[in-house]
Amino acid sequence: SAVISQKPSRDICQRGTSLTIQCQVDSQVTMMFWYRQQPGQSLTLIATANQGSEATYESGFVIDKFPISRPNLTFSTLTVSNMSPEDSSIYLCSYGDSNQPQHFGDGTRLSIL
Amino acid sequence: GDSVTQMEGPVTLSEEAFLTINCTYTATGYPSLFWYVQYPGEGLQLLLKATKADDKGSNKGFEATYRKETTSFHLEKGSVQVSDSAVYFCALWSASKIIFGSGTRLSIRP
């Protein structure tokens, strides 16, 4: 299976700022996803990152707050915009489809002051 | 819509005890089912999977059987170790995305 890496691994940010998280896979994959895991909670899907088109967002998540790019089949970014303390979470990217289980990056641990 | 319901935690056991973590699902059709594990401070790792009814997934001494009749995928291990302490997530693949249960925190006492 392809190796997936995320960066930064953690960050502490000021409220009102934005942070872009990068996700790199070492081979081409069809589907990439972004999740949020709030402290002590399960994973919530933010969006599916589509190569060459706009991401598909889940209910409760909007492009203005979480813009996503997917310029090719190995790379995606998630930006958390205009951050507030409620955005403090772990953000994870993954790849996979119905024939292959999801493989996750180690996550980005984000704290907002 | 499709969903996964998991046994509430935390679960605390002594080393070498038998483990069961219950998982039931609601879905149209026959989705692939998964168990993931998250060790402290780490991302999620696939523990095992089953893609059709009566399939048994197994890994590292853990097992789970895809039961269509009871729509269940319970995780079991015969003898747990301290190193099994982690959060366990049951999940299913549905409509081009994966749906997770709420997670069950497992703590093993030496």
Normalise the Cα radius of gyration of segment A:19-82 by 2.2 N^0.38 Å (N = residues in it) and let me know the number.
-> 1.09
Cα-projected label distance for A:S111 with B:R67, points at 7 Å along beta-carbon direction, nm = 4.3 nm
Around B:K60, with a cut-off of 13 angstrom between Cβ atoms, what is the net charge of the other residues, counting Lys and Arg +1 and Asp and Glu -1?
-> -2
Lys/Arg Cβ at +1, Asp/Glu Cβ at -1, dipole of the protein assembly as shown taken about the Cα centre: which of A:Q24, B:Y30, B:F73 is farthest positive-ward?
-> A:Q24
Give a residue-ordered list of calculated ³J(HN,Hα) values for segment A:53-67 (Karplus: 6.51 cos²θ - 1.76 cosθ + 1.60, θ = phi - 60°; whole Hz; x for Gly, Pro).
-> 8, 5, 5, 9, 8, 7, 4, x, 10, 10, 5, 5, 8, 10, x
Work from the charge dipole of segment A:29-101 (Cβ charges, +1 for Lys and Arg, -1 for Asp and Glu, about the Cα centre) and give the residue of A:T79, A:S42, A:Y95 farthest towards its positive end.
-> A:Y95
Chain B, dipole about Cα centre (Lys/Arg Cβ +1, Asp/Glu Cβ -1), debye to the nearest 20 = 200 debye
Could you pull out every Cys in the protein assembly as shown that lacks a partner Cys with its beta carbon under 4.7 Å away?
-> A:C13
Assigned charges on the beta-carbon of Lys, Arg, Asp, Glu; chain A dipole about Cα centre (debye) = 220 debye
Pick from B:E42, B:E63, B:E76: which residue has the top mean-square fluctuation in a GNM of chain B where Cα pairs under 10 Å get a spring?
-> B:E42
Inter-centroid distance (Cα atoms) of segment B:31-57 relative to segment A:56-113, Å = 21 Å
In what sequence, highest mean first, do B:9-17, A:82-90, A:20-28 appear when ranked by Cβ atoms within 10 angstrom?
-> A:20-28, A:82-90, B:9-17
Note down the magnitude of the dipole of the protein assembly as shown about its Cα centre, charges +1 on Lys and Arg C-beta and -1 on Asp and Glu C-beta and zero elsewhere, to the nearest 20 debye.
-> 140 debye
May I have the count of lysine pairs in the protein assembly as shown with C-alpha atoms under 30 Å apart, counting pairs 8 or more residues apart or located on different chains?
-> 22
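Read-outs throughout are calculated quantities, based only on the coordinates presented, and are distinct from any laboratory measurement. For clarity, every value in this text was computed on a predicted model and none was experimentally measured. Please note: Cβ atoms are built from the backbone with ideal geometry, for glycine as well, and neighbour counts cover all protein chains shown.
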